[in-house]
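Below you'll find the structure, written out as structure tokens, and then a few comments.
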Amino acid sequence: MLKLLFISTPVGSLGSGQGGGVELTVQNIAQELKQRGHLLEVVAPQGSILKGISVKNIEGNCQIAVQTQTRDVPICLPANSVLANMWEYARQVQHNYDLLVNFAFDWLPFYLTPFFDRPIAHFISMGSMTEATDEIMTEVALKYPDTIGVYTKSQAASFPFAETCHLLGSGLDLSLYDFCPQPKNCLAWVGRIAPEKALEDAVAASNLTGIPLKIFGKVQDKEYWQQIQRDFPQAPIDYVGFLNTEQLQKQLGQCSALLMTPRWLEAFGNVAIESLACGVPVIAYSRGGPAEIVLHGKTGFLVEPDSVTGLVAAINKIDQIDRACCRQQAESKYSLKALGDRFSDWFHKILRA
Ligand code: UDP
């Protein structure tokens, strides 16, 4: 039995959607490890909610999401920083735990690593973003081998310390996702509405094909979202909102395909495996995490990055995909058990070192 302290992302409370896929990842790993009998507490910004897990809520101001910044941005913390407050709490209680697990993509927890008595595992959820974070992560990777975990190979490859990264992938509580064999004539797009996700490409594809597009997710950049609506006034799109998992899977399952159009190097793309779990094929740009997930021609299509014509061509042949294969891929590769095994192995490896 391990005693684990998880320290969450400081960009928003768990359940708010601000943290993107890492919110679901924290929920899933915590749930699975608790179920295995490990003792576990999650530290997260005020207002956080996890299902069945005790959360220590910490007040303070959130970090600005790093993907909205330039590569040369200096380290920046607001007054009464929730990131600093969470790590101050972690410092005080560290001796009650065997291992601390950091889920923040921020400079501070890496910098603090040598000052803590307890070992720290760092799970990073994005590719290389800024010079300062790359630098401090590299130092930690060299000094504490194997303590940096990532989702995918292509994410790791964006860092100077690629070969020392521990590959963890992602996984889901598949019992929450129902297989839907018969779709309606509509497409889905799921994610944070922010420029790096290039929703406009999915809207353009929906506009060209005339097939309705359901959009699910948090509007992170209002101006960007309004611009898309101005640019495509006739597109058959329907913004549904940010839904909880139960509601999301119900509606997502009825769609004929998920469009994944990230402009950036998507580290994983939890939405891809959620979609597969519902039996919904994934059409994605062929780079980053989605390119490691989608089995081209079998559980979806990988298309030339940033090509709307490529999306349209894939949409037109979506009937070739057997939806049962999609669900089956989720079951064989992205179960909670598989995820729990990979994380336990990683934690034990760190603790043995
Ligand atoms: N999501 C959600 N409700 C919605 C839309 C999205 O809960 O209506 C969640 C989704 O389950 C996924 C996350 O938002 O876990 C998006 O994560 P992803 O890994 O795809 O991208 P990220 O935001 O981390 O870049």
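The values are calculated or read from the model by the stated rules, or taken from the named source; none is laboratory data. Bear in mind the structure is a predicted one, so any value in this text is a computation, not a measurement. Cβ atoms come from the backbone with ideal geometry, glycine included; neighbour counts cover every protein chain shown. All accessible areas refer to the heavy atoms of the entire protein, side chains included, with ligands and DNA or RNA removed. Shrake-Rupley method; radii C 1.70, N 1.55, O 1.52, S 1.80 Å.
Selection of first residues in region 261-278 that are over 18 Å from THR299 (Cα atoms) and within 11 Å of the ligand (Cβ to nearest atom) and of second residues that are modelled with pLDDT of 95 or more and of a type in the set (D, E, K, R), restricted to Cβ pairs under 6 Å at least 6 apart or on distinct chains, gives the following pairs, ordered by first then second residue: PRO262/LYS197; TRP264/GLU196.
Residue-level check: of (1) modelled with pLDDT of 95 or more; (2) over 30 Å from ILE228 (Cα atoms), ALA198 misses just (2).
Is it true that ASP201 is of a type outside the set (Val, Ile, Thr) and closer than 25 Å to GLY19 by Cβ? Yes; evaluated as a whole, the condition is true for this residue. Applying the selection to region 157-182, what residues are in a loop (DSSP other than H, G, I, E, B), polar (S, T, N, Q) and closer than 22 Å to CYS326 by Cβ? Correct list: SER170, GLN182.
Give region 250-302 a look and list any residue that's aromatic (Phe, Trp, Tyr) and under 19 Å from the mean Cα position of the chain (by Cα), or say none. Within region 250-302, TRP264, PHE268, TYR285 qualify.
Quick check on my filter: what residues within region 235-249 are within 16 Å of the ligand (Cβ to nearest atom) and under 13 Å from LEU199 (Cα atoms)? Result: ILE237, ASP238, TYR239. Within region 183-198, take every residue that is out of contact with any Phe, Trp or Tyr (no Cβ under 6 Å at 6 or more places or on another chain) and within 13 Å of the ligand (Cβ to nearest atom) and give me the one that is nearest to ASP322 (Cα to Cα). Looking at the filtered set, the residue picked out is ALA188. Tell me whether region 144-164 contains one or more residues that are open to solvent by 60 Å² or more (accessible area, probe 1.4 Å) and polar (S, T, N, Q). No, region 144-164 has no match at all. For region 74-112, taking the residues that are among the hydroxyl-bearing types (Ser, Thr, Tyr) and crowded, with 19+ Cβ neighbours inside 10 Å, the one that is farthest from MET1 (Cα to Cα) is identified as SER81. Within the bounds of region 83-99, is there any residue that is of a type outside the set (Asp, Glu), modelled with pLDDT of 95 or more and under 30 Å from ALA198 (Cα atoms)? There is at least one residue in region 83-99 that is of a type outside the set (Asp, Glu), modelled with pLDDT of 95 or more and under 30 Å from ALA198 (Cα atoms). Close contacts from region 194-206, counting a first residue that is open to solvent by 20 Å² or more (accessible area, probe 1.4 Å) and a second that is of a type in the set (A, V, I, L, M) and within 16 Å of the ligand (Cβ to nearest atom), with Cβ to Cβ under 9 Å and a gap of 6+ residues or different chains, come to LYS197/MET260. Do you know which residues across region 228-241 are aromatic (Phe, Trp, Tyr) and either buried (at least 19 other Cβ atoms within 10 Å of the Cβ) or in contact with a helix residue (DSSP H, G or I) (Cβ under 6 Å, 6 or more places away or on another chain) (or both)? Answer for region 228-241, where residues must be aromatic (Phe, Trp, Tyr) and either buried (at least 19 other Cβ atoms within 10 Å of the Cβ) or in contact with a helix residue (DSSP H, G or I) (Cβ under 6 Å, 6 or more places away or on another chain) (or both): just PHE232. Of the residues LYS51, LYS3, LYS34, the single one that is open to solvent by 70 Å² or more (accessible area, probe 1.4 Å) and touching a residue at least 60 places away in the same chain (Cβ under 8 Å) is LYS3.
When we screen THR261, THR245 for residues that are over 20 Å from SER154 (Cα atoms) and either β-branched (Val, Ile, Thr) or touching a His at 6+ places or on another chain (Cβ under 9 Å) (or both), the only hit is THR245. Could you go through region 213-234 and let me know if any residue there is away from the ligand (no atom under 13 Å from the Cβ) and in contact (Cβ under 8 Å) with a residue 40 or more places away in the chain. The answer is yes, given that some residue of region 213-234 is away from the ligand (no atom under 13 Å from the Cβ) and in contact (Cβ under 8 Å) with a residue 40 or more places away in the chain.
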